[in-house]
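Student: Dropping the structure in here first, questions after.
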Amino acid sequence: ESGGARPKFAYPPQLIVVDGGAPQVAAAAKALADLGISDIFICGLAKRLEEVWLVDSKEPIIFPRHSEGLYLLQRIRDEAHRFAITFHRSKRSKVMLESLLDDIPKLGESRRAALLEHFGSVTAIRKATELELSAIPGIGPNIAESIHSHLNIETAQGESINMETGEIT
């Protein structure tokens, strides 16, 4: 949290699991200390040897390979990875698609917003006809033609370029 009150939890976290070894645990501990938080334990799970690191420890804790505790920490780490990767992929896809609209002349923020509100996605805008595009308030025939041509580029050989994937079809 930047500036405001500490977040409220039904059950405040008692443990933060960091992906990494001693340096990552130290960085997480410093971040919590900078926020004035001192009542949450931190451990790090170093992937290489699945070592568990605690704040200010010189040596890692080595759990038996088939330990339920190690298994739990691994599942927590793996779920955090899955969540982060999924989030970043969806965010990157959204930014990539919305940036296609940014390159169209005379298509400012309000017109982009109107198009996205009406059609729901850049993919749907791309599939729309010039007539459907020009029916949106603020989008006349000239801008509709510009939108349509920018989102439906054809190569010199008449092949289409999928603006979402970059694939030539």
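The values are calculated or read from the model by the stated rules, or taken from the named source; none is laboratory data. Being a predicted model, the structure only gives us computed values, none of them experimental. Here the Cβ positions follow ideal geometry from the backbone for every residue, glycine too, while neighbour counts run over all protein chains shown.
Student: So is residue 29 out of contact with any Gly (no Cβ under 8 Å at 6 or more places or on another chain), surrounded by 14 or more Cβ atoms within 10 Å (Cβ to Cβ) and among the small types (Gly, Ala, Ser) or not?
Tutor: Yes: the conditions hold for residue 29.
Student: Shifting gears a bit: Given the structure, is residue 73 in a loop (DSSP other than H, G, I, E, B), more than 30 Å from residue 116 (Cβ to Cβ) and either in contact (Cβ under 8 Å) with a residue 12 or more places away in the chain or within 28 Å of the chain's Cα centre (by Cα) (or both)?
Tutor: In short, no.
Student: Does residue 84 fit the bill of being within 30 Å of residue 124 (Cα to Cα), surrounded by 11 or more Cβ atoms within 10 Å (Cβ to Cβ) and not assigned by TED's automatic domain parsing to the domain that holds residue 127?
Tutor: Answer is yes for this residue.
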